[in-house]
1. What does the highest-first list of A:143-151, A:330-338, A:45-53, B:46-54 look like by mean Cβ count within 10 Å?
2. What does the C-alpha gyration tensor say about the overall shape of segment B:17-124? Classify as rounded when a/c is under 1.5, otherwise prolate if a/b is larger than b/c, or oblate.
3. Taking 2.2 N^0.38 Å as the expected size of a compact globular protein, what ratio does the Cα radius of gyration of segment A:122-250 give against it, to two decimals?
4. Does chain A come out rounded, prolate or oblate by the C-alpha gyration tensor, with a ≥ b ≥ c the root eigenvalues, rounded set by a/c under 1.5 and, if not, prolate when a/b is larger than b/c and oblate if not?
5. Using DSSP to define loop residues, name the GluC sites (Glu not before Pro) in segment B:176-255 whose beta-carbon has at most 16 other beta-carbon atoms within 10 Å.
6. Hey, what's the Cα Rg ratio for segment A:24-66 versus the globular rule of thumb, 2.2 N^0.38 Å?
7. B:K207: which aspartates and glutamates have alpha carbons under 17 Å from its alpha carbon, excluding same-chain residues fewer than 8 sequence positions away?
8. Fewest first, what order do A:I74, A:I68 take by the number of other Cβ atoms within 10 Å?
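Every read-out reported here was derived from the displayed coordinates using simple, explicitly stated rules and does not represent laboratory data. Owing to the predicted nature of the structure, the values given are computational and were not obtained by experimental measurement. Glycine gets a Cβ as well: all are built from the backbone with ideal geometry, and neighbour counts include every protein chain shown.
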Amino acid sequence: MEDLTGLVDWSRAQFALTAMFHWLFVPLTLGLSVIVAIMETIYYRTRSQKWLAITKFWMLLFAVNFAIGVATGIILEFEFGSNWSNYSWFVGDIFGAPLAIEGLLAFFLEATFGAVMFFGWKKVSPKFHLTATWLTAIGASISALWILVANAWMQYPVGMEFDPAQMRNVMDDFTAVALSPVAIHKFIHSVSSGWILAGVFVTGVSCWFLLKKRNRDMAIRSIKVGASVGLAGMLLTLWSGDSSAVDVARVQPMKLAAMEGLYNGSCGQELVGLALLNPDKTLQNDENPYLFDISIPKGLSLLATHSTDGFVPGINDLINGIEITPEGDTIHTTSYAERITMGKTAHEALRAYGEAQSAGDEAAMAVASQTLKDNYQYFGYGYLESPYDAVPPVGLTFYAFRLMVIIGGFLLLVIAVMAFAAMRRQNWLANKWLLWIGVISIPLVWVCSQAGWVTAEVGRQPWIIQDIMPVQAAISAVSTSTVMISFWAFAVVFTVFLAAEICIMLKQISRGSLTDYDSLSD
Amino acid sequence: MDSLECLQIYWWLLIAVLGAALVFMLFVQGGQSMLLCKRNAPYRPLMIEILGHKWELTFTTLVVFGGAFFASFPLFYSTSFGGAYWLWMLILFSFILQAVSYEFRSKPGNLLGERTYDVFLFINGSVGCVLLGVAVGMMFFGGEFTVAKGNILDGSAPVISQWSSTHGLEAIFCWKNLIFGFAVLFLARTMALLYFVNCAHGKDEKKFASSQRGAVLVNGAIFVVLFLAFLFVLLTSQGVEAVDGSYCQVEYKYLDNFLSMWWVTMVFLLGVIAVLWGILSTVLSDKSRNGIWWAGIGAAAVVVSLFCVAGYNGTAYYPSLIDVNSSLTIHNSSSSLFTLRVMTWVSIVTPFVLGYIAYVWKKMR
């Protein structure tokens, strides 16, 4: 194949483009569906026409966003086959199941009851409509669950074994795949981040109404629901973020090291709060990784190991296979050079197995199978040339993580203040600067959300399946130019549709669909 | 038959049923392909209103069809999607256009104007149907690929499924696939017309129903001609037979399959009769409004039987045109016994899913 590196890079770029566009719309769908369902529940209980008008207003924005989320979602599913066809065969036995379950259990629920939610106001009873709205929200979350089960499995492959006769991995424990702690934490973290995003969106738009002195009552009611959901999401995100940090430290320590720009770890490792990375720092030199940093003593050890004196390995420690025990003794684990050797041994064993199988030599097959089994945990390293190939892009991972945490902290403050103001101190909402902060938070929450995914996905490079398969072994046999063309086609189409969605939303918001709101009964 | 073989047969049947559901729901696309006709200009808002409540179901069925194929026959997913790249990309693009168009077309500030979104819907309705037909046509008429699992160990070119350099464009220009593709398009258009007749029963909609009824005959006749042409080509074509791990080309393989599996032939014939009855009853009687159900269920039965003919009786459902031994069968391309078992347990919810879809469909009429 010509230009394997170029093909891999363009295939990655195309998947990243699609995933990032998809993730612009999905969190809003996840969160707004819950917010709209709560608003409709209030309407159902109070029969207040004002709450009905509020529900319909946000539902309209939800519908505009929902369609484009669906459109970008199907591409991701198909791209596993079109651009990562080797991956699709190598682990399709495990990875395909969550996707199929998602379709059967979640998509039909969303599509069927979503239609009732959007078009059924006059066709079904209020109770049935409310049920449909909640089922749409639940369907969206079930959909997220199975996608995140699939994603978590790529980062923490469990419940499988390698079948040399078929040259692929096969599932042997569905429960381990579906209930993996990484999957559960990812699900809670991602869905609750959707609640935050939608909460900030509703609050921000409502702040804009207050700035324009329009729909004041509607805006305050919306902030009450939106900010409350956002705050609940924030608390869940903090909890699941902590659990995810422990997961990453345990199953993807290299990602954690990259997130921290940590080259040489220690016991009682500090957590970098704010820093500027030194551009001269490379894997091979001893330069200080930071030009400046503000760090929290022992913070990373506490975060990653829940002990202030826990050892957190850096990039060099992992490459060299060095770990420090709680007693302070240095022990040697499997270095990356050794992993590469074991990976290549596994490849050789698999090759030998195939030859023995063709020759009908069962004794040789048994020997090769055992060798393969002994070395399989590092199978993916067999594709690497150097230990440094297993290090993700440190700068991007480091800054993306900081961006997520810093903006997330800011949003926690904003949403807590807004919720408090809407419920207890409504005169605060007359402060223009506070309202502007609410409006400015809208783009920031999207940056935060995207930064989270960049951290998760860039930080796990080069692995498409942690330790088992690097991206270069997962691709399809298409030419680089083919993928380039489809990449730019997607980029143009997505950009146009994103611009259209933003224009429609802005128009809907600026039109002030609730002009007759004040005359409605409460 | 061992358990694995049973589950492979079961999952191929489920794929066939999902494919049948997709073809039934393609009436949405068929309707879209007629949106730009001058004759339909006065009725365009009504057509959009009718189709707009169902597009998500078609879209979802396509996604589930893809997901189920991935989970149950991953080697097909890997080989076809990664190989016939342009075919699948074009299908994808056409469906992306559809997903946003219904929601955006009439909204103020939609950037491109209502007409552009209607053109998008037309593209999805016409090109999408033909290309889906082409993709399914390859299950009979083959693709230019090879499969070598040992390639996974080749560091410089580690891809097991390799395709010709045209990456699916050759399939789009294969006349056999195109016949099937256009047959699917005209079936979808016919079913859309029948669905319009079924839905348009208000006082103001009589004229619309009458005009759609008139178009059923033309579209139905074109469909029948194309379908007969496809059937003739299929029954006289070679197929790939797999016996004890070896593969060979067999003359009249699909004809033989119809003759060997009498129950498949029965389902096929009943399906054809139902489709014809759906068309004729609507054309011949002004009072008949249930043609969509006859034609839709009949089309679904025909699709199920075609999938059975493609995959059962030792037939390779994805024949390779350049290396017969690379052809895919339901046995050499399926997931493991464990995964198929898990998926089979999950598939138990299918009747429940169908139940609530039918319930909501009825409620929303």
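1. Sorting A:143-151, A:330-338, A:45-53, B:46-54 by mean packing, highest first, produces A:143-151, B:46-54, A:45-53, A:330-338.
2. Working: a/c = 2.46, a/b = 1.90, b/c = 1.29.
Verdict is prolate for segment B:17-124.
3. Numbers: Rg = 20.2 Å, N = 129, 2.2 N^0.38 = 13.9 Å.
In units of the 2.2 N^0.38 Å rule of thumb, it is 1.45.
4. Details: a/c = 2.26, a/b = 1.59, b/c = 1.42.
Prolate shape, in that a/c is at least 1.5 and a/b is the bigger ratio.
5. Numbers: sites: B:E205, B:E241, B:E251; in loops: B:E251.
Sparse-neighbourhood loop GluC sites (Glu not before Pro): B:E251.
6. Values: Rg = 10.6 Å, N = 43, 2.2 N^0.38 = 9.2 Å.
Working it through for segment A:24-66, the quotient is 1.15.
7. B:E49, B:D286
8. On the way: A:I74 22, A:I68 25.
So the residues, fewest neighbours to most, are A:I74, A:I68.
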